[in-house]
Amino acid sequence: MKNRVLEAEGVVTGYGEVEILHGVDIVVHEAEIVAIIGPNGAGKSTFLKAVFGLLKVDPGRISLMGEECTNKRPDELVLKGLGYVPQVDNVFASLTINENLEMGAYVLSDGAGDRYERVYEMFPDLAGRRGELAGRLSGGQRQMLALARALMLDPKVLLLDEPSASLSPKMVGVIFERIAAINESGTAILLVEQNTKEALSVSDRGYVLATGENRLEGEARGLLENEDVGKLYLGT
Amino acid sequence: MAPFTQSLRADERAMRLLRSAGEFASGPGVWLAIIGVGTWAAIDRTDAFVVGIVSGSILALGALGLTLLFGVLRFAHFAHGDSMMLSAYIAFFVLTGVIFGERADTELLPWSLNDLPGATDRIPWPGEGELSFGYGLLLAMIPAAGFIIAVFLLLEKLVYGPLRRRGSGVVIFAIASLGIAIAMRSVILVFWGPSPRFYAPGIRPTTDLPFDVRIVTDQIFILFAAVGLAALVYLMLYRTKLGKAMRAIADNADLARVSGIDADRITSWTWIIGGGLVATAGVLLALQAQLQPKLGFVLLLPLFAATILGGIGRPHGALVGGMIVGITQEVAVTLGFISPGYKFSVAFVLLITILLLRPKGLFGGSEQ
């Protein structure tokens, strides 16, 4: 059995007085891709924000590599090996591609060193344009840059919030290929997606959330073949 | 029907023409006007143009601080002009040790910078010129900057920080900073009185420049100091990790947070750099004009005009905006329809024009 790198137990959170999650449990193992699927308003993105310390969890418990990390600040969490790519506005438009990567490694006191070249090797399209402003990139290229920025710290667990949103079908395929490649290098990925079929196709396991609660969980292949999931989210 | 259709087509054509004219006026037209008027002023009103560059460099320094504070902290710092004046008075205080009030001038400090050997001797300037002040004033800028930075950090801890954590809107921030501006002006009035003061007594030496231009030698120093400091801030913003983090927060504060950038630390540094700019700009302004309690408030309009003209949150925009406002103010006085005492109103006309033609400014800043 692989080690648990991220574990959330009974997570309750929301915005101000409005409670969105009512006790969600999710586990991610080492080098695994886990998808969270569910209808709009299920609380999928809210869960990622809570894990990353952007929303207060109370009650509930989150641990990273076995260490209690509930309600830690993002700058503390990135140093512990957690990365996060938001759904929208996920690049610094007025900074160059290289500066975006530098900001990804901001918390490193001794600089990014050879991390730039390692990341550029994974995203060769960006390597030739490193001096260009990120605001001039297309939607797909921005998503690549957002992933690249998050990889600058070699995260053990990467949280991805709808990486395929607003992309062309061709670009969706490319993004999921890159996600699989990132995972092959040893990074565990927790993925929130509306694009259910694609998400489950690249994932090892999946969770179905609805109205802020766990509804189903299991092997991704099993969920893909599940009749209820098919009817509700896959249109089959 | 035919005449009606023809008239409709004529209307459409007229509308298209108007739209094209509007797009031209708000796009290349603005730049052509700036270059055209600038070239004319440089040739025909050379004296005013040169003095305008000096005034513009001070405005540029103030606007650079204002735009940095807006970019990172997302509020219009209405206490900027009065902060400049307060730091100018602090420099005056440590230089002379003098406090003015209802009674006669009182030397409060037992020892001041002017007591240092040779501190009041005029600094020689390349050629045969000299500045109107000694090195004591240069030293006085350091405690003035330290004082205003401490005030800024204290205000961030006691006023702006708590307001930000409560999620207060821009109006609340504007009113709070306006209140602080009034408090600062009152402090100046209480301690140093309403009469104008000078850093150094006597006639100010002048320097002859090419094209029959003669300016006060201090103004050349002001230009070099302002441009030098602006260049340093620019290098800091584009070459250092701190500067890039400041630009990242100005661009997308939420993403900066998820990248692990410590917003509190960057906020403190923004106040420190903003305070340094404010203090230098304040002392240079007092050197160019004089120490006057209300000057900071009067300066607020040109400062905001320069910031908005260049594009709010755009450092290079603040530099260009400052120069344009400074030159326009000085050149407008030479046209004869405005008295020098009202030259700041030119900034108001520029402000309205740019808001109508290009609300995001010349370099596309925030519209908020």
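The values are calculated or read from the model by the stated rules, or taken from the named source; none is laboratory data. Here the structure is a predicted model, which is why all the values come from computation and not from measurement. Here the Cβ is made from the backbone with ideal geometry for all residues, glycine too, and neighbour counts use every protein chain on show.
Could you tell me which residue of segment B:68-78 is surrounded by the most Cβ atoms within 10 Å (Cβ to Cβ), considering only residues that are among the aromatic types (Phe, Trp, Tyr) and assigned to a loop (DSSP other than H, G, I, E, B)?
B:PHE78
Please work out which residue is surrounded by the most Cβ atoms within 10 Å (Cβ to Cβ), limiting yourself to segment B:210-251 and to residues that are assigned to a helix (DSSP H, G or I), β-branched (Val, Ile, Thr) and out of contact with any Lys or Arg (no Cβ under 9 Å at 6 or more places or on another chain). Steps first, please.
Residues of segment B:210-251 that are assigned to a helix (DSSP H, G or I), as a first pass: B:217-239, B:241-251.
Next, only the ones that are β-branched (Val, Ile, Thr) stay: B:217, B:220, B:222, B:227, B:233, B:249.
After this cut, where a residue has to be out of contact with any Lys or Arg (no Cβ under 9 Å at 6 or more places or on another chain) as well, the list is B:220, B:222, B:227, B:233.
Values: B:ILE220: 19, B:ILE222: 25, B:VAL227: 16, B:VAL233: 22.
Here the answer is B:ILE222.
From the list A:GLU9, A:GLU19, A:GLU32, which one is out of contact with any Lys or Arg (no Cβ under 6 Å at 6 or more places or on another chain) and surrounded by fewer than 17 Cβ atoms within 10 Å (Cβ to Cβ)?
Just a single option satisfies the conditions, and that option is A:GLU19.
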Output the number of residues of segment A:87-108 satisfying the condition of being of a type outside the set (A, V, I, L, M, F, W, C), at the interface with another protein chain (Cβ under 10 Å from one of its Cβ atoms) and over 24 Å from B:GLY364 (Cβ atoms). 2
A:LEU190: passes all of (1) under 22 Å from A:LYS49 (Cβ atoms); (2) modelled with pLDDT under 85 but (2)
Quick check: anything in segment A:37-49 closer than 14 Å to B:VAL258 by Cβ and touching a Leu at 6+ places or on another chain (Cβ under 7 Å)? yes
Enumerate the pairs (first residue in segment A:118-131 and among the hydroxyl-bearing types (Ser, Thr, Tyr); second residue anywhere and at pLDDT 85 or above) with beta-carbon separation below 7 Å, excluding pairs fewer than 6 apart on the same chain, so at least 6 apart or on different chains. A:TYR120/A:LEU126; A:TYR120/A:ALA127
Counted residues in segment A:51-75 being touching a residue at least 24 places away in the same chain (Cβ under 8 Å), on the phi < 0 side of the Ramachandran plot and away from chain B (no Cβ under 14 Å) come to 7
Considering only residues that are within 30 Å of B:ASN114 (Cα to Cα) and of a type in the set (S, T, N, Q), which ones fall in segment B:45-99? B:SER55, B:SER57, B:SER83, B:SER87, B:THR96
Look through B:ILE35, B:ILE58 and report the one residue that is free of Cβ contacts under 8 Å to residues at least 40 places away in the same chain and not hydroxyl-bearing (Ser, Thr, Tyr). B:ILE35
With (1) more than 18 Å from the chain's Cα centre (by Cα); (2) in a strand (DSSP E or B) as the list, and A:VAL11 as the residue in question, which single condition is left unmet? (1)
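Would a scan of segment A:161-173 turn up a residue that is closer than 18 Å to A:VAL51 by Cβ, in contact (Cβ under 8 Å) with a residue 24 or more places away in the chain and assigned to a loop (DSSP other than H, G, I, E, B)? Walk me through it before giving the result.
Looking only at segment A:161-173, we keep the residues that are closer than 18 Å to A:VAL51 by Cβ, and these are A:161-163.
Still in the list and also in contact (Cβ under 8 Å) with a residue 24 or more places away in the chain: A:161-163.
Filter once more, so that each one left must be assigned to a loop (DSSP other than H, G, I, E, B): A:162-163.
Within segment A:161-173 (the criterion being closer than 18 Å to A:VAL51 by Cβ, in contact (Cβ under 8 Å) with a residue 24 or more places away in the chain and assigned to a loop (DSSP other than H, G, I, E, B)), the answer is yes, since at least one residue qualifies.
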Criterion first (more than 14 Å from every other protein chain (Cβ to nearest Cβ), in contact with a Leu (Cβ under 7 Å, 6 or more places away or on another chain) and without any contact (Cβ under 8 Å) to a residue 24 or more places away in the chain) does B:ALA289 satisfy it? yes
Is there a residue being buried (at least 17 other Cβ atoms within 10 Å of the Cβ), under 16 Å from the mean Cα position of the chain (by Cα), without any contact (Cβ under 8 Å) to a residue 60 or more places away in the chain and not in a loop (DSSP other than H, G, I, E, B) anywhere in segment A:151-159? no
Would you mention how many residues in segment B:282-321 are over 16 Å from B:ALA181 (Cα atoms) and in a loop (DSSP other than H, G, I, E, B)? 5
In segment A:201-216, which residues are of a type outside the set (Ser, Thr, Tyr) and closer than 20 Å to A:GLU30 by Cβ? A:VAL202, A:ASP204, A:ARG205, A:GLY206
Examine segment A:40-48 for a residue that is more than 13 Å from chain B (Cβ to nearest Cβ), β-branched (Val, Ile, Thr) and in contact with an Asp or Glu (Cβ under 9 Å, 6 or more places away or on another chain), and state whether such a residue exists. no
Considering only segment B:1-35, state which residues are surrounded by 11 or more Cβ atoms within 10 Å (Cβ to Cβ), part of a helix (DSSP H, G or I) and among the small types (Gly, Ala, Ser). B:ALA21, B:GLY22, B:ALA25, B:SER26, B:GLY29, B:ALA33
If we take segment B:79-197, then helices (runs of 4 or more DSSP H) inside it with 1 or more residues that are in contact (Cβ under 8 Å) with a residue 60 or more places away in the chain and more than 20 Å from B:GLY275 (Cβ to Cβ) are B:170-192
Tell me which residues, restricted to segment A:179-231, are surrounded by fewer than 17 Cβ atoms within 10 Å (Cβ to Cβ), in a helix (DSSP H, G or I) and of a type outside the set (Gly, Ala, Ser). A:GLU184, A:LYS197, A:ARG221, A:GLU225, A:GLU227, A:ASP228, A:LYS231
Scanning segment B:324-365 residue by residue, those surrounded by 23 or more Cβ atoms within 10 Å (Cβ to Cβ) and under 13 Å from B:PHE49 (Cα atoms) turn out to be B:ILE324, B:VAL325, B:GLY326, B:ILE327, B:THR328, B:GLN329, B:GLU330, B:VAL331, B:ALA332
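Select the helices (runs of 4 or more DSSP H) contained entirely in segment A:33-140, then report the ones holding at least 3 residues which are more than 30 Å from B:MET236 (Cβ to Cβ).
A:44-51
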What's the number of the condition A:VAL78 fails, among (1) at the interface with another protein chain (Cβ under 10 Å from one of its Cβ atoms); (2) in contact with an Asp or Glu (Cβ under 9 Å, 6 or more places away or on another chain)? (2)
Working carefully through the options B:PHE297, B:PHE304, find the one that is among the aromatic types (Phe, Trp, Tyr) and modelled with pLDDT under 90. B:PHE297
In segment B:236-271, which residue that is among the small types (Gly, Ala, Ser) and in contact (Cβ under 8 Å) with a residue 24 or more places away in the chain is farthest from the other protein chains (Cβ to nearest Cβ)? B:SER268
